[in-house]
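Here the structure is laid out as structure tokens; the discussion comes afterwards.
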2 protein chains.
Amino acid sequence: MTRVLILHSVGLLRSALMALLKAEGSFDVFAACWRTAWRQEEGLRPDVCVVDLDCPGAASLLEGGWEGPVTGTGTRLVVLATAERPGALRKAFEARALGYVDKDGSPCRLVRAIRQVAKGERFVDESLAFGFLEASRVPLTARELSVLARAAEGESIAEIARGLHLSNGTVRNYMASATRKVGARNRIDAIRISQRAGWV
Amino acid sequence: MTRVLILHSVGLLRSALMALLKAEGSFDVFAACWRTAWRQEEGLRPDVCVVDLDCPGAASLLEGGWEGPVTGTGTRLVVLATAERPGALRKAFEARALGYVDKDGSPCRLVRAIRQVAKGERFVDESLAFGFLEASRVPLTARELSVLARAAEGESIAEIARGLHLSNGTVRNYMASATRKVGARNRIDAIRISQRAGWV
């Protein structure tokens with residue numbers, strides 16, 4: 001029986017996804033939030049891990065390198081995603097996720113994804129294809145992204161400059177180019193657009 | 001049998017919450033997104049409607065006056081909430097929700113909430129109490145909130161001024177007072193803090 005670990009930051013939705021998989025498929029399902037999974041590391045050893053990319057913390061979990069502390073090697077990754085957040089899709093792709101399930105799809109897609117991924121096969125929902133195209137061309141450079149991410153946390157130009165060891169003028173230039181590239185009207189708009197796309 | 005309608009913007013989570021309630025309780029459960037519910041208006045007539053306050057669109061659904069188009073009169077409201085978003089709790093309270101379930105709690109709390117609310121009784125998760133305290137004192141005036149909400153959508157000072165029939169200076173004053181009141185460092189920080197709290 002395929003052992004499935006669901007990682008979700010919200011308790012009730014974690015339980016709900018467990019109930020869904022128990023009702024739909026023949027899986028051995030368990031669920032955890034990031035921190036618990038980390039602590040239970042030794043005992044879990046799932047075959048497939050399902051991660052909702054919209055959870056706060058999902059991005060940094062994936063960035064930390066997927067195979068490792070949480071699940072041990074050998075665990076395959078299925079992500080729940082939306083085409084509107086190409087930045088999140090890209091992070092999952094870079095973390096070598098095998099399964100990509102549209103959060104707006106039907107439950108049987110998730111079941112199929114888990115079955116395929118457990119066999120080591122790739123699974124990608126058609127409806128996410130456009131998001132992948134978008135994900136293939138990050139509009140922003142690494143510098144622009146880090147400036148934007150800090151601005152989104154409320155840092156001033158001077159604070160960002162200090163934090164990244166840049167001059168105020170350089171930070172302003174990065175902000176301006178990021179704003180132009182994402183087609184935003186101003187800095188706040190640039191942050192809004194980039195956050196919705198999952199770039200920052 | 002209690003007829004329960006789940007309103008959630010994400011298809012997979014809608015199905016998951018349905019599976020949870022089918023497994024845990026003896027309910028007649030169906031689910032929809034806002035738009036579908038609107039269209040199916042005539043047929044639904046649930047006793048209890050469960051709404052996730054974190055869904056985009058939940059706030060405006062509640063603001064539009066709860067009893068009415070979606071469910072018809074007589075439907076009672078249970079919301080899924082977190083203590084960290086007092087603004088969302090307040091909107092649910094103003095829409096006269098009877099049940100308040102912590103999204104980080106166990107599924108049996110949701111089941112109990114639905115049972116109590118179906119009988120016309122109030123249900124509030126203890127863990128949401130602090131959020132309610134926060135919700136009782138909105139830090140911002142209606143004007144400050146509307147200025148902040150427009151700024152969060154990327155509008156410039158001049159655009160906000162035109163939209164609200166105010167002078168640029170007045171909009172700047174509202175932005176400054178909102179920034180001060182929420183303890184923010186600058187406008188972007190004020191938007192970030194207010195969005196996290198669910199005020200805008």
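Details
- Across identical copies of the chain, B:ARG143 has label-point separations of 4.3 nm, listed in ascending order, with the point defined 7 angstrom from Cα along Cα→Cβ.
- Of the residues B:THR75, B:THR179, B:THR141, the one that moves most in a GNM of chain B with alpha-carbon contacts below 10 Å is B:THR141.
- Candidates B:TRP199, B:GLY183, B:ALA161 compared by Cα position along the dipole of region B:157-200: farthest toward the positive end lies B:GLY183, with charges placed on Cβ.
- Rel. contact order, % - alpha carbon contacts under 8 angstrom, at least six apart, region B:142-197: 32 percent
- Ranked by how many other beta carbons lie within 10 Å on average, peptides B:160-170, B:11-21 from highest: B:11-21, B:160-170
- Rounded to the nearest 10 degrees, the angle from helix A:187-197 to the longest Cα principal axis of chain A is 20 degrees.
- Region A:84-187 - percent of accessible surface contributed by carbon and sulfur, probe 1.4 Å: 51 percent
- Here the protein assembly as shown is treated with +1 on each Lys and Arg Cβ and -1 on each Asp and Glu Cβ, and its dipole about the Cα centre works out to around 660 debye.
- Between helix A:168-181 and chain A there is an angle of about 60 degrees, using the helix long axis and the longest principal axis of the Cα atoms.
- Label-to-label distance for A:ARG162 and A:GLU121 is 5.6 nm, based on points extended 7 Å past Cα in the beta-carbon direction.
- Axis of helix A:107-118 versus longest Cα principal axis of chain A: the two differ by about 80°, to the nearest ten degrees.
- Test item: Cα-centred dipole of region A:79-130, Lys/Arg +1 and Asp/Glu -1 on Cβ, debye: 220 debye
- Distance between modelled label sites at A:MET1 and A:ALA23, nm, 7 Å Cα→Cβ extension: 1.9 nm
- Site pair B:ARG137 and A:ALA149 shows an inter-label distance of 3.6 nm when each label is modelled 7 Å from Cα along Cα→Cβ.
- Cα-based convex hull, the protein assembly as shown, per residue volume (Å³, whole number): 151 Å³
- For A:SER60, the label point sits 7 Å beyond Cα toward Cβ; its separations from the matching points on the remaining copies run 3.2 nm, from shortest to longest.
- In chain A, helices alone account for a calculated mean residue ellipticity at 222 nm of -15000 deg cm²/dmol, with every DSSP H run of four or more residues adding -39,500 (n - 2.57).
- Label 7 Å beyond Cα on the Cβ vector: B:MET1 copy-to-copy distances, nm: 2.7
- Around the Cα centre of chain A, unit charges on the Cβ atoms of Lys, Arg, Asp and Glu (plus for the first two, minus for the last two) sum to a dipole of about 340 debye.
- Pairs of lysine residues in the protein assembly as shown - Cα separation under 23 Å, sequence separation of 8 or more or cross-chain: 16
The values are calculated or read from the model by the stated rules, or taken from the named source; none is laboratory data. Source: prediction; values computed, not measured. Reconstructed Cβ throughout: ideal geometry from the backbone, glycine too, with neighbour counts over all protein chains shown. To get the accessible areas, we keep the full protein, side chains included, count just its heavy atoms, and leave off ligands, DNA and RNA. Shrake-Rupley method; radii C 1.70, N 1.55, O 1.52, S 1.80 Å.
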